[in-house]
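Working notes for the structure below.
The values are calculated or read from the model by the stated rules, or taken from the named source; none is laboratory data. Please read all numbers here as calculations on a predicted model, not as lab measurements. Every residue, glycine among them, receives a Cβ derived from its backbone with ideal geometry; neighbour counts consider all protein chains shown. All accessible areas refer to the heavy atoms of the entire protein, side chains included, with ligands and DNA or RNA removed. Shrake-Rupley method; radii C 1.70, N 1.55, O 1.52, S 1.80 Å.
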Amino acid sequence: MSVPLTLLGLLQVRPRHGYDLKRAYDAHFGHDRPLKPGQVYSTLGRLERDGFVVVSGTDRDGGPDRTTYAVTAEGVTDLDRWFAEPEGPAAYLQPVLFAKVVLALQSGRDAAQVLDAQRAEHLVAMRELTALKKDADLDRVLGLDFALFHLEADLRWLEHTAARLDRLGKELAR
Amino acid sequence: MMEPLLTARDLHLSFGASPALAGASVDVAPGEILALLGPSGSGKSTLLHCLAGILVPDSGEVGYRGIRLDRLSDDLRSELRRSDFGFVFQFGSLVPELSAVENVALPLRLAGHKRRTAEARALEWLERLEVGEVARKRAGEMSGGQGQRVAVARALVAGPRVVFADEPTGALDSLNGELVMDLLVGAAREQGTSIVLVTHEPRVAAYADREVVLRDGALALTVGA
Amino acid sequence: MTPWLLGARLALTANRMRLVATTIAVSFTVAFLLAAMGALPSRQAKLDRLDARNVVQVDSQVATGMTAPAAVVRLESQVGTYRGRPLTVRFVSAEPGGPLPPGLTRYPRAGEVIASPDLADVLRGHRAGELATRVPGHLVGTVAEPGLAGPHELYAYVGVAGFDHETPQVQSYGSHYVRQPAPRELRIAAWLGALGLLLPVLVLVATATRLSASSRDRRLAALRLVGATPKQASAIAGAEGLVSGILGTAGGLVAFWLLRGPACALLPFPEGVYAQDLMPPLTMLLAVLVGVPLLAAVSGVLALRRVVTSPLGVRRTARVKTAAWWRLAPLLSGLAMLIVLRVNHTAWPLGTPPGTTLLLLGGGLTLVGVAVAAPVLSQLGGRLLGRLPGLSASLAARRIDADPTASARVVTGMVLVLFVSAWLLAFLPVLESSRDSGEKELLSYVSAGTVITASDVRKRPDLAAVQRVPGVRAVAVLGYAALTPPGWVSDDGSDPARTSHTVDVGSCTALARATRRHLPCGQGTVFRVSVSGAPDTASGSPLAEGERVGVLDSQGVVAAHLVLPARIPELPIPAYSGLLQGELLVDPALLPAAPSRLVVTTDGRADTVENVRAVLPLDLAMSAQTVAERVKAGASVYLGYRRAVKIGIVLALLVGAASLAVTTADAVAERRRSLATLVALGTPLRVLRRTVLLQTAAPMLSNVVVTLAAAAMASACYLGVTTSVPTGVPLPWGSWALTALAAVVAVLLATAATLPLVSAVGRPEALRAE
């Protein structure tokens, strides 16, 4: 799960300050592991250092100072690359894939294309693993099967998500 | 890519008011294994039936080795199906009154072979697909996996150029499904037979050289060479 | 909701096509049953109509004690033939106010004619001239329906100026003839025929309610699975049958009403049958209206008993059902009983308990046995078929082998029809009386178109006019004379009419021309008519060569004498030919006699015959009949029975074929997935069609062969026991072969009618749905 890219993606939807960003992240992706406040600021600092975000303003609203961050053109390019490239078919992909789908929908990108790209990646991986199974020993076959079943599970999730993109978009827009 | 064996161009076909195919196009190369994926009702089976000359599209072209299948008469398409194509379906592939060996011999007998030679060759194929022991049994007397392997034997026995498989593992557990696919793909590769495979299981689709995903009667995604 | 209501709703909504098909099949059955049941009453209705117009004569036995009506009505009926159809003319002279027959509102006055509609059509048409002498006068009205036996009867009342007192006077109309009951063989045959007709009808009802068995099985099994008790499931199945039964019965009633008219034309009566006469008796009507729906309900329950007993009633496994050989037992034991009876029938004649028991039990067992044995025979047919080369033969053979009982069910109806038909056909010759064969004898002496008039001539015919009719080839005139034996003395007190001998008077050469035979005319003037074809039987006649015999005049007085020539050659025309009636044929030069009969050889055309009748005086015109018409009239009763049997067989074959078509179509539809697979594999439709044909034809053939053999044995035994004909009645192999052929053709046509279904059903859509 790539926290920096996810935060970057959230910032592309609209500029936010650190606390707002944490709340948005936790609402969509942090059900099990909410972000620590320190992690938000350290990540923002790194993103700012790399030139992906800039401080777009400060406001004081009766409380402490709030620094609002926005995505730079460089940051958008980095995000585009992230959306376009499917994830390598590894284990535990679901959180990052989900983040990508939500952010793609929120940032007005083609979420279906994101899913399709990922699907293609998975199918190619499955095909390669299936090809390896031919002439392999049983212990190797069982290992390959394990990977195949997991990839298949991911694929099924991708299919289900693809079939429900419209509804997800509507719920996020609320 | 080689000259395609089978081509479909912009196929449209409706059953009553509901469109099953809406502009589907696909090629199948000689020896290629192509998987058609997609949700239920996406037109996978209909596309397969069109490619196999079982259905004729309302519009669009279906070509097989330079012949326009959609323009052939019913009889000529039947003839082509028995000389050049093989079929495996999810259910009811086997004629229930016939024994396994008679089922496998069916394409050969349709091609005009003598009963004895046809059944001898059918028996070889049953052995090859490891179901020689059910040769004399009828469809109702064997397990689903055995039945599908018999169906695979029948699809391949006449040396077709293309085998059309519609959810061949749909009614089987994963292990039996894998066995059927291994045997089907293994034998097809050996003979250079193309396979057009309709499935909703990614693990089955993974046997293919290329997967195409259908959505609403048209191709949404192509994966592979 | 009660199971009955649920069943009724399912029947109406679940499968419309099935409901329609079932309703049509049951309707057909009911219409057929009603028509069959109405056929016998229609005969009675016709007899009642004849009785109603019978004349009760004044002073007759029936009229004893009645006072004769004041208005005198004298009536004389003449029966003749017009263009092969019976023609009845009632000449009547009536004073006003006399008793009227049914169908008349007034009597025709002299010179007037009141005729039946068909006869009126003739009288108004361009052929009216042909009837000028027989129905003289101008048409003033038509006889209404109550006065006619049938709608096409040729019947007329002709007014005449006045009859003498010898003509019978009418007391009233409507007397009952005591009619001879139908022969026993016929009554038995009628019962057998009714049974034979009923069986395929019942099979059809049962078949119709079993349509789409597998989808029904699945539905019922699903209901059982969710907890319906066997009783509830039966009720649902029964209600489904009942609904289609009720709908079908209603449809059948309507169809019967609409088709009654055309059906009447099929009944074996030349004068036709009034539609309203074709009406089953009320009790039978009620039995059909209640029985058919009940039968449908019961067959619905029986068809589903497999499902009713187990929720998993629908099994996917194709069980191999081999027909057991015990199925041949009833057939063989039935035949054995009949053979035992045949061998011992002198010891156990019919009517004794052992005789009757053996006959009924043996006959019944044979009939049932044919149906019970059908699966074994079908299996046999299937196995023989399997030996043939060709894919269709193998496919069909395997289908039969997979379920011989099912393929037997397809042909059972037809097989039963065939068995009963064969039995009935074996009976027919028994009904042919010896008189009928005598009429046929005539045909070997003169051509069918030869017109022969009866005796009793009141007016001399104009022979020259007859000769002039185009198409007439020869005319021979015959007269009678009565001769007394030699030595007879008029005053010895004996009655001359008793002792006299009738001889025919006519020219031998004219007779030779009329019969177109070579006769020994040059050898004499008097010829002996052989009695039986054997010359020595005539040797006892007192009218011997050289004898002097007396000639009686019309008052019975010996008016002259005649010496018979020394040589009387034999004439090769026997007396039983019907042409000659006396012992001798005497040349008119020796013995002048008034001409009483004409033998007119014609070309046989109806126009010629009618023109001959038209130039003859009334009596001769009415009595004039061609030989063909005589033969037909003589055999009319037998021909009527035969026609009835034939119609029965044809209808039964139709019902059987309908039942077969329904079953076959259903079987094709039930196998849609298997068919679709075969089509996808590229099996040509013609192979599939041939398979369907062979699948029916093979069991049909094996069953037909055995059924005919069984019917032949059963008929031979049965005829040997029941008929008194010592020489035995020949078995009608020709008719049997024809009937079997008709049955096979009907089966193949019925099967062929389902063939379009094969291509309609074998669609790839069927590959998808389980």
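Give all pairs with beta carbons closer than 6 Å in which a residue from the range C:504-523 that is assigned to a loop (DSSP other than H, G, I, E, B) meets a residue that is of a type outside the set (Phe, Trp, Tyr); count only pairs at least 6 apart in sequence or on separate chains.
Close Cβ pairs (under 6 Å, with a partner that is of a type outside the set (Phe, Trp, Tyr)) amount to C:Leu519/C:Cys508; C:Leu519/C:Ala512; C:Pro520/C:Pro569.
Name the helices (runs of 4 or more DSSP H) wholly inside the range C:669-760 in which the number of residues that are open to solvent by less than 60 Å² (accessible area, probe 1.4 Å) and more than 30 Å from B:Ala165 (Cα to Cα) is 2 or more. Reasoning before the result, please.
On the way: elements: C:672-680, C:685-722, C:733-753.
By residue number, C:685-722, C:733-753.
Counting only residues that are open to solvent by 20 Å² or more (accessible area, probe 1.4 Å) and either hydroxyl-bearing (Ser, Thr, Tyr) or more than 8 Å from chain C (Cβ to nearest Cβ) (or both), how many does the range B:45-70 have?
Selection size over the range B:45-70: 10.
For the range A:1-49, name all the residues that are assigned to a loop (DSSP other than H, G, I, E, B) and in contact with a helix residue (DSSP H, G or I) (Cβ under 7 Å, 6 or more places away or on another chain).
Across the range A:1-49, the qualifying residues are A:Met1, A:Ser2, A:Pro34, A:Leu35.
Within the range C:642-680, can you find the residues that are within 14 Å of chain B (Cβ to nearest Cβ) and closer than 30 Å to C:Phe427 by Cβ?
Result: no residue meets the conditions.
Please find, among B:Ser78, B:Ser59, B:Ser45, the residue that is of a type in the set (S, T, N, Q), modelled with pLDDT of 85 or more and within 29 Å of B:Gln191 (Cβ to Cβ).
Testing whether each residue is of a type in the set (S, T, N, Q), modelled with pLDDT of 85 or more and within 29 Å of B:Gln191 (Cβ to Cβ) leaves just B:Ser45.
Inside the range B:23-36, can you point out the residues that are crowded, with 23+ Cβ neighbours inside 10 Å and either small (Gly, Ala, Ser) or at pLDDT below 90 (or both)?
B:Ala24, B:Ala35 - these are the residues of the range B:23-36 that are crowded, with 23+ Cβ neighbours inside 10 Å and either small (Gly, Ala, Ser) or at pLDDT below 90 (or both).
Quick test for you: out of C:Thr23, C:Thr29, C:Thr81, pick the one residue that is touching a residue at least 60 places away in the same chain (Cβ under 8 Å) and either out of contact with any helix residue (DSSP H, G or I) (no Cβ under 9 Å at 6 or more places or on another chain) or under 30 Å from C:Leu123 (Cα atoms) (or both).
Of C:Thr23, C:Thr29, C:Thr81, the one residue that is touching a residue at least 60 places away in the same chain (Cβ under 8 Å) and either out of contact with any helix residue (DSSP H, G or I) (no Cβ under 9 Å at 6 or more places or on another chain) or under 30 Å from C:Leu123 (Cα atoms) (or both) is C:Thr81.
Mind counting the residues in the range B:5-20 that are touching a helix residue (DSSP H, G or I) at 6+ places or on another chain (Cβ under 7 Å) and either within 14 Å of chain A (Cβ to nearest Cβ) or at pLDDT below 90 (or both)?
Total meeting the criteria: 1.
Which one of the conditions (1) over 16 Å from C:Thr81 (Cα atoms); (2) open to solvent by less than 50 Å² (accessible area, probe 1.4 Å); (3) not β-branched (Val, Ile, Thr) does C:Glu130 fail to meet, given that it meets all the rest?
(1)
Within the range C:9-25, take every residue that is surrounded by fewer than 18 Cβ atoms within 10 Å (Cβ to Cβ) and modelled with pLDDT of 70 or more and give me the one that is nearest to C:Val655 (Cα to Cα).
Within the range C:9-25, the match that is nearest to C:Val655 (Cα to Cα) is C:Val20.
Which condition number in (1) hydrophobic (A, V, I, L, M, F, W, C); (2) farther than 18 Å from C:Gln78 by Cα; (3) surrounded by fewer than 23 Cβ atoms within 10 Å (Cβ to Cβ) is the one that C:Val586 fails?
Status for C:Val586: all satisfied but (3).
Would it be correct to say that A:Ala136 is in a loop (DSSP other than H, G, I, E, B) and either over 19 Å from the mean Cα position of the chain (by Cα) or touching a residue at least 60 places away in the same chain (Cβ under 8 Å) (or both)?
Answer is yes for this residue.
Which of the residues that make up the range C:49-68 are of a type in the set (D, E, K, R) and in contact with a helix residue (DSSP H, G or I) (Cβ under 9 Å, 6 or more places away or on another chain)? Even if it seems obvious, please write down each step before you answer.
Step one: of the range C:49-68, the residues of a type in the set (D, E, K, R) are C:49, C:51, C:53, C:59.
Result: C:Arg49, C:Arg53.
For the range C:29-126, which fully contained strands (runs of 3 or more DSSP E) count at least 2 residues that are at pLDDT 85 or above and surrounded by 21 or more Cβ atoms within 10 Å (Cβ to Cβ)?
Filter on the range C:29-126 gives C:73-82, C:85-94, C:112-115.
Residue by residue, here is whether (1) out of contact with any Leu (no Cβ under 9 Å at 6 or more places or on another chain); (2) at pLDDT 90 or above holds:
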position	(1), (2)
A:Val101	no, no
A:Thr130	no, yes
A:Gly143	yes, no
A:Phe149	yes, yes
A:Arg164	yes, no
A:Gly169	no, no
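Within the range A:155-174, take every residue that is touching a helix residue (DSSP H, G or I) at 6+ places or on another chain (Cβ under 8 Å) and either facing chain B (nearest Cβ under 9 Å) or not in a helix (DSSP H, G or I) (or both) and give me the one that is least open to solvent (accessible area, probe 1.4 Å).
Once the filter is applied, the top-ranked residue is A:Leu155.
Looking at A:Leu151, is it among the aliphatic types (A, V, I, L, M) and closer than 22 Å to B:Thr222 by Cα?
yes
For C:Ala149, indicate whether it is touching a residue at least 24 places away in the same chain (Cβ under 8 Å), on the phi < 0 side of the Ramachandran plot and surrounded by 22 or more Cβ atoms within 10 Å (Cβ to Cβ). Show your work before the answer.
Working: touching a residue at least 24 places away in the same chain (Cβ under 8 Å): yes; on the phi < 0 side of the Ramachandran plot: yes; surrounded by 22 or more Cβ atoms within 10 Å (Cβ to Cβ): yes.
When the stated conditions are applied, C:Ala149 passes them.
Does any residue of the range C:158-171 turn out to be out of contact with any strand residue (DSSP E or B) (no Cβ under 6 Å at 6 or more places or on another chain), touching a residue at least 12 places away in the same chain (Cβ under 8 Å), closer than 29 Å to C:Ala63 by Cα and not in a loop (DSSP other than H, G, I, E, B)?
So the first thing to find is which residues in the range C:158-171 are out of contact with any strand residue (DSSP E or B) (no Cβ under 6 Å at 6 or more places or on another chain), and the list is C:161, C:164-166.
From the residues that got through so far, the ones that are touching a residue at least 12 places away in the same chain (Cβ under 8 Å) too are C:161.
Imposing the further condition that a residue be closer than 29 Å to C:Ala63 by Cα reduces the set to C:161.
Within this subset, residues satisfying the condition of being not in a loop (DSSP other than H, G, I, E, B) are none.
No, the range C:158-171 contains no residue that is out of contact with any strand residue (DSSP E or B) (no Cβ under 6 Å at 6 or more places or on another chain), touching a residue at least 12 places away in the same chain (Cβ under 8 Å), closer than 29 Å to C:Ala63 by Cα and not in a loop (DSSP other than H, G, I, E, B).
How many residues are assigned to a helix (DSSP H, G or I) and open to solvent by 40 Å² or more (accessible area, probe 1.4 Å) when one looks only at the range C:591-615?
Residues that pass the stated criteria total 4.
Within the range B:43-70, how many residues turn out to be in a helix (DSSP H, G or I) and at positive phi? Break it down into steps so the answer makes sense when it comes.
Within the range B:43-70, the subset in a helix (DSSP H, G or I) is B:44-51, B:69-70.
Filter once more, keeping what is at positive phi: none.
Of the residues in the range B:43-70, 0 are in a helix (DSSP H, G or I) and at positive phi.
Residue by residue, here is whether (1) at pLDDT below 80; (2) hydroxyl-bearing (Ser, Thr, Tyr); (3) part of a helix (DSSP H, G or I) holds:
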residue	(1), (2), (3)
C:His345	yes, no, no
C:Leu358	no, no, yes
C:Leu361	no, no, yes
C:Val368	no, no, yes
C:Leu377	no, no, yes
C:Arg383	no, no, yes
C:Pro389	no, no, no
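Which of the residues that make up the range A:95-147 are among the small types (Gly, Ala, Ser), within 14 Å of chain B (Cβ to nearest Cβ) and open to solvent by 60 Å² or more (accessible area, probe 1.4 Å)?
Within the range A:95-147, A:Ala131 is the sole residue that qualifies.
Out of the strands (runs of 3 or more DSSP E) lying entirely within the range B:177-225, which hold 2 or more residues that are more than 24 Å from B:Ser143 (Cα to Cα) and within 9 Å of another protein chain (Cβ to nearest Cβ)? Don't jump to the end; show me each part of the working.
Values: elements: B:194-198, B:210-215, B:218-224.
Output list reads B:210-215, B:218-224.
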